[in-house]
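A.B. asks: Dropping the structure in here first, questions after.
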Amino acid sequence: MISLGHYLVLSGLLFCIGLAGVLRRKNILMLFFSTEIMLNAVNIGFVAIGSFMGDMNGQMFALFIIAIAASEVAIGLGLVIMWFKKHKTLDIDNLNTMKG
């Protein structure tokens, strides 16, 4: 039987992996992927807690987070494509050239 603790440990591990990716990576796409991992970790936690409490609020929060993540990906990938077309790199260190 999988308990709430197992789900929360999985959620915590995924969140730490995503956080390490955000802190260590210099590629914009990897930052997006790491952010998605962190959001999915939060979703697992919300759904697990909601399920164990017999409440639907966790699932509603998870659906809201999925909608936010989808909009983030749509806007972010558009910006990344434009950035790559202009500068031919996705290295985040080159973002300081965006000064007005």
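Just so it is clear, none of the values below were taken in a lab; they were calculated from the coordinates. Every value quoted in this text rests on a predicted model; they were computed, and no experiment measured them. All Cβ positions, glycine included, derive from the backbone under ideal geometry; neighbour counts span all protein chains shown.
A.B. asks: At q = 0.17, 0.20, 0.21, 0.25 Å⁻¹, what log₁₀ I(q)/I(0) does the chain have when each alpha carbon counts as one equal point scatterer in the Debye sum?
C.D. replies: So the normalised log intensities work out to -0.81, -0.98, -1.03, -1.24.
A.B. asks: May I pose another question? Taking 25 Å as R0, compute the FRET efficiency from the Cβ-Cβ separation of CYS16 and LEU77 and round it to 0.05.
C.D. replies: Once the sixth-power term is evaluated, E becomes 0.50.
A.B. asks: Another question about this same structure. Name the residues of segment 43-60 whose amide N is less than 17 Å from a point 7 angstrom out from the Cα of ILE92 along the C-beta direction?
C.D. replies: Once the point is set 7 Å along Cα→Cβ of ILE92, nothing inside segment 43-60 turns out to lie under 17 Å by backbone N.
A.B. asks: Only Lys, Arg, Asp and Glu count, each charged at its Cβ (+1, +1, -1, -1), so figure out the dipole size of the chain about its Cα centre, rounded to 20 debye.
C.D. replies: Numbers: 7 positive and 5 negative charges, 109 e Å.
For this selection, approximately 520 debye.
A.B. asks: Less than 18 Å from a label point 7 Å out along the Cα-to-Cβ axis of LEU4: which backbone N atoms in segment 34-54 qualify, by residue?
C.D. replies: Those under the cut-off are 42-54.
A.B. asks: Please list, in order along segment 45-53, the HN-Hα scalar couplings obtained from phi with the Karplus expression 6.51 cos²θ - 1.76 cosθ + 1.60 (θ = phi - 60°), rounded to whole Hz, x for Gly and Pro.
C.D. replies: With coefficients 6.51, -1.76 and 1.60, one gets x, 4, 5, 5, 5, x, 5, 6, 8 Hz.
A.B. asks: Listed highest first by mean packing, meaning other Cβ atoms within 10 Å per residue, what order do 9-21, 36-48, 75-87 come in?
C.D. replies: On the way: 9-21: 15.4, 36-48: 18.8, 75-87: 12.0.
Going by the mean number of other Cβ atoms within 10 Å, highest first, we get 36-48, 9-21, 75-87.
A.B. asks: Follow-up. Go through ASN94, LEU79, GLY18 and say which Cα lies farthest out towards the positive end of the charge dipole of the chain; charges sit on Cβ, +1 for Lys and Arg, -1 for Asp and Glu.
C.D. replies: In the chain, that residue is ASN94.
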